[in-house]
2 protein chains.
Amino acid sequence: MTETRWLNEREMTAWLGFLQATIKVHRYVEHQLKEDSDLSHAQYEVLVKLSAAPEGAIRMTDLANGLFTTKSGLTYQVGQLEKRGLVRRRSCPTDVRGVLAELTPEGHRALREAAPGHVEAVREALIDVLDEEELAVLGRALERVGARLPVE
Amino acid sequence: MTETRWLNEREMTAWLGFLQATIKVHRYVEHQLKEDSDLSHAQYEVLVKLSAAPEGAIRMTDLANGLFTTKSGLTYQVGQLEKRGLVRRRSCPTDVRGVLAELTPEGHRALREAAPGHVEAVREALIDVLDEEELAVLGRALERVGARLPVE
DNA sequence: AGCCGACGGTTTGAATTTGAACAACTCGTA
DNA sequence: TACGAGTTGTTCAAATTCAAACCGTCGGCT
């Protein structure tokens with residue numbers, strides 16, 4: 001066991017800033033979506049992915065990976081969305097085990113209506129607070145951070 | 001209602017990077033603590049704050065604010081820590097309503113033992129992945145982001 | 001002293017998250 | 001063709017989170 005490399009002041013600032021910012025930004029975005037569109041952020045992201053799917057439908061597993069969520073968590077959220085008629089499930093033609101999720105017309109509408117407010121919240125909470133340089137550095141750095149860590 | 005200012009590519013990269021990085025880093029740190037010290041990250045942060053308290057004890061509300069958590073969430077977590085004998089509650093001498101939380105000797109020990117592994121995980125997941133410039137920019141920028149948003 | 005709005009912390013119930021267990025199925029290989 | 005390891009999505013119970021309701025107390029004001 002080697003000596004612990006404690007965080008110096010600059011590192012501590014970055015870590016605490018990261019913690020505080022992430023918690024607050026997530027909470028802010030979550031609230032805005034729930035308030036204005038009655039969607040959780042997780043649900044919103046599901047709608048986005050489905051809407052962006054090349055064939056209009058995605059396998060559950062691919063969806064879970066793309067959203068950095070667990071399989072069981074996704075099953076739950078898609079279940080909620082299906083209850084509300086925003087998403088439909090159908091079986092995968094090439095793999096009997098597979099399940100494809102796709103947006104219903106109501107799902108498309110819900111996303112279209114929720115998107116502007118959500119983007120505004122993202123700007124308000126994060127994007128518009130940063131200048132050009134910060135935006136670039138943050139994008140580059142955090143992308144690298146995320147890519148290094150396992151999905152689950 | 002003015003026209004929606006959608007995110008351009010650079011902004012979208014920053015936002016997606018932020019989402020992915022935050023989710024994964026939080027999960028990574030959470031797992032490491034649970035695995036190696038049987039503590040949730042929330043519980044670890046409580047121990048840290050208590051350990052850093054000038055008088056060795058803090059009011060629940062101050063603790064909640066310092067940790068960007070909700071009052072009820074804190075009540076639950078402190079309850080868990082108390083069950084395990086890491087934290088003690090006593091009433092505030094100057095305010096009957098108030099409750100002070102403080103570390104027990106076991107709490108001090110648990111923190112001392114958990115800290116090195118936690119710091120290592122934080123480095124592994126975030127700090128050591130960034131260079132000097134990124135560290136500085138990230139610290140400055142995210143601190144500003146966090147400060148702008150309401151606690152709750 | 002007495003009132004009243006605000007505060008401090010807990011309780012409550014519902015919603016969500018998690019990992020593990022599970023059953024059904026796929027696919028490469030013997 | 002038959003095997004077995006790995007995959008797919010769901011289910012389950014337990015843990016956690018959240019907001020709202022709640023109760024007792026504080027403190028300024030009359």
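Helix B:132-148 axis versus longest C-alpha principal axis of chain B: approximately 70°, rounded to the nearest ten.
Pick from A:L50, A:L67, A:L103: which residue has the top mean-square fluctuation in a GNM of chain A where Cα pairs under 10 Å get a spring? Among A:L50, A:L67, A:L103, the largest GNM mean-square fluctuation belongs to A:L67. Against chain B, whose longest principal axis is taken from its Cα atoms, helix B:105-125 shows a tilt of about 10°. If you take the Cα centroid of region A:88-131 and the Cα centroid of region B:78-102, the two points sit 43 Å apart. Mind checking which of A:A147, B:A52, B:V78 is farthest towards the positive end of the protein assembly as shown's charge dipole, using Cβ charges of +1 (Lys, Arg) and -1 (Asp, Glu) about the Cα centre? Ranked along the dipole, the leading option is B:V78. Using C-alpha pairs under 8 Å with a sequence gap of at least 6, the mean separation divided by the residue count of chain A gives a relative contact order of 24 percent. Determine the shape class of region B:39-115: with a ≥ b ≥ c the square roots of the Cα gyration tensor eigenvalues, call it rounded for a/c under 1.5, and otherwise prolate if a/b is greater than b/c, oblate otherwise. Judged from the Cα gyration tensor, region B:39-115 comes out prolate (a/c at least 1.5, a/b above b/c).
What is the angle, in °, between the Cα long axis of helix B:9-37 and the longest principal axis of the Cα atoms in chain B? Nearest 10 is fine, range 0 to 90. Once rounded, one gets 30 degrees. Taking a ≥ b ≥ c as the square roots of the eigenvalues of the Cα gyration tensor, an a/c ratio of 1.5 or more together with a/b no larger than b/c marks region B:4-68 as oblate.
Taking B:W6 in one copy and the same position in all the others, each labelled 7 Å out along Cα→Cβ, what are the pairwise distances from the first, in nm, shortest first? Values, ascending and in nm: 5.0. Each peptide among A:90-102, B:107-119 gets the average number of other Cβ atoms lying within 10 Å of its residues, and from highest to lowest they stand as B:107-119, A:90-102. Amide H to amide H, with H built 1.01 Å from N, B:L39 comes under 5 Å of B:K34, counting only residues 5 or more places away or on other chains.
Scanning residues 5 or more positions from B:L100 or on other chains, those with amide H under 5 Å from its amide H are B:R90, B:S91, B:C92, with H placed 1.01 Å from N in the peptide plane. Estimated purely from DSSP H runs of n ≥ 4, each contributing -39500 (n - 2.57), the mean residue ellipticity at 222 nm for the protein assembly as shown is -22000 deg cm²/dmol once divided by its residues.
Among the aspartates and glutamates, select those whose C-alpha is under 20 Å from the C-alpha of B:K71, and discard any that sit fewer than 8 residues away in the same chain. Correct list for B:K71: A:E30, B:E45, B:D62, B:E82, B:D95, B:E102, B:E152. One decimal place: the segment A:T4-A:D62 gains 17.0 nm when fully extended, by the rule 0.36 nm per residue minus the C-alpha distance.
FYI, it's all coordinate maths here, none of it is from the lab. Given the structure is predicted, the values throughout are model-derived calculations rather than measurements. Quick reminder, even Gly has a Cβ in these numbers, built from the backbone with ideal geometry, and neighbours come from all protein chains shown.
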